[in-house]
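Engineer: Following this message is one structure expressed as structure tokens.
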Amino acid sequence: MTRKKWSWFTIVNYAVLSLLIVICLVPILHVIATSLSERIEAVAGNVGIWPKGFNLAAYQYVMEDAQFWKSLSVTLMRVAIGVPINIILVILTAYPLSKSNNRFHGRTFFSWFFVFTMLFNGGMIPGYIVISKLGLINSIWALTLPGAMNVSYMILMMNFFRGIPNEIEEAAVIDGANQAQVLFRIYLPMSLPSLATIILFATVANWNVWMDGYMYMNTPDKYPLQTYLATILMESKTNVEALMTPEQLARLSQISQKTIEAAQIFLAALPIMCVYPFLQKYYIKGIVVGSVKG
């Protein structure tokens, strides 16, 4: 029985990947440990990757925080509305642009048009003026419509469509299928890895973004979850206390603000962390194939 020989490249590769795993895991473990530690230990900065004195008071506080759940519901609504809009626009744009210039004569112009919008934009102030003039301020549409069309997702899907043999489409057309039937009955079922990758990207993007909520929402009740957490972490103590009820302020004196923030951050990231393992196999295949084919 021959022994497997390890090359220097393999050894260095495993070492670098192991280091990256540690770098990614340590902050997560620190946040979890801080959220579960005693108030004094957290304030003193004695918590590493293991809790100092097991305490669930921070999670109890978060569970009773009405604003946290309101912001979570806004984020869930944003994902439920924003992700389908992203996917529909990406599919309907990527399919015609995946055709050759002989079949779609305006393909080059529209391709460069979308690439230009990916590289250049009007900026924050013109964007706010547009949203304001459209009457979308303080509405869920201000969070979903501005980023509804993502060009990078479109390019990924377009390259995947290009990798599907033309003979399959030709056979479907001979059998009487129109372009809509070819897209939804043939191309999309064959593009599930790329589609799952885009769904994952769109979900994470809609879940994590916070700046637009800070700009377009006038009241804390309309803040998405990440905006609410960013407000707590960045604003002054006076502004943070304005978001809290008197009962919460009374309990805040008994619980460390640091442990509460850690608990909120972990609970906010938990849903996305649970989604990743189920889409990982599609993600790996979709991102590789969609980026090199065509």
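The values are calculated or read from the model by the stated rules, or taken from the named source; none is laboratory data. This one's a predicted model, so the numbers in the text were calculated from it and none came from an experiment. Cβ atoms come from the backbone with ideal geometry, glycine included; neighbour counts cover every protein chain shown.
Engineer: Taking into account only those residues within region 145-195 that are in contact with a Lys or Arg (Cβ under 6 Å, 6 or more places away or on another chain) and surrounded by 17 or more Cβ atoms within 10 Å (Cβ to Cβ), which is farthest from Y223 (Cα to Cα)?
Structural biologist: N159
Engineer: Here is a check on your reading of the model: is M118 on the phi < 0 side of the Ramachandran plot and surrounded by 18 or more Cβ atoms within 10 Å (Cβ to Cβ)?
Structural biologist: no
Engineer: Tally up the residues in region 57-71 that are of a type in the set (A, V, I, L, M), more than 11 Å from I260 (Cα to Cα) and crowded, with 17+ Cβ neighbours inside 10 Å, please. Steps first, please.
Structural biologist: Initial filter on region 57-71 (of a type in the set (A, V, I, L, M)): 57-58, 62-63, 66.
Adding the requirement that they be more than 11 Å from I260 (Cα to Cα) leaves 66.
Going one step further and asking which of them are crowded, with 17+ Cβ neighbours inside 10 Å, we end up with none.
Of the residues in that region, 0 qualify.
Engineer: Tell me, yes or no, whether region 175-191 has at least one residue that is part of a helix (DSSP H, G or I) and closer than 17 Å to S71 by Cα.
Structural biologist: We begin by selecting, within region 175-191, every residue part of a helix (DSSP H, G or I); these are 179-190.
Filter again for closer than 17 Å to S71 by Cα, leaving none.
No, because not a single residue in region 175-191 is part of a helix (DSSP H, G or I) and closer than 17 Å to S71 by Cα.
Engineer: Is one or more of the residues making up region 254-267 surrounded by fewer than 19 Cβ atoms within 10 Å (Cβ to Cβ) and modelled with pLDDT under 60?
Structural biologist: yes
Engineer: Next question. Look at L89 and say whether it is modelled with pLDDT of 85 or more and over 30 Å from I265 (Cα atoms).
Structural biologist: Spelling it out, L89 is indeed modelled with pLDDT of 85 or more and over 30 Å from I265 (Cα atoms).
Engineer: Right, something else. Check whether at least one residue in region 92-105 is closer than 27 Å to A230 by Cβ and touching a residue at least 12 places away in the same chain (Cβ under 8 Å), and report yes or no. Don't jump to the end; show me each part of the working.
Structural biologist: To start, the set of residues in region 92-105 that are closer than 27 Å to A230 by Cβ comprises none.
Within region 92-105, none of the residues are closer than 27 Å to A230 by Cβ and touching a residue at least 12 places away in the same chain (Cβ under 8 Å).
Engineer: Count, please, the residues in region 1-56 that happen to be loosely packed, with under 10 Cβ neighbours inside 10 Å, in a helix (DSSP H, G or I) and over 32 Å from the mean Cα position of the chain (by Cα).
Structural biologist: The total comes to 2.
Engineer: Does any residue of region 226-234 turn out to be hydrophobic (A, V, I, L, M, F, W, C), part of a helix (DSSP H, G or I), at pLDDT 75 or above and surrounded by fewer than 17 Cβ atoms within 10 Å (Cβ to Cβ)?
Structural biologist: As a first pass, look at region 226-234 and keep what is hydrophobic (A, V, I, L, M, F, W, C): 229-230, 232-234.
Next cut, part of a helix (DSSP H, G or I) only: 229-230, 232-234.
This time we only want the ones that are at pLDDT 75 or above, so: 229-230.
Still in the running and surrounded by fewer than 17 Cβ atoms within 10 Å (Cβ to Cβ): 230.
Within region 226-234, one or more residues are hydrophobic (A, V, I, L, M, F, W, C), part of a helix (DSSP H, G or I), at pLDDT 75 or above and surrounded by fewer than 17 Cβ atoms within 10 Å (Cβ to Cβ).
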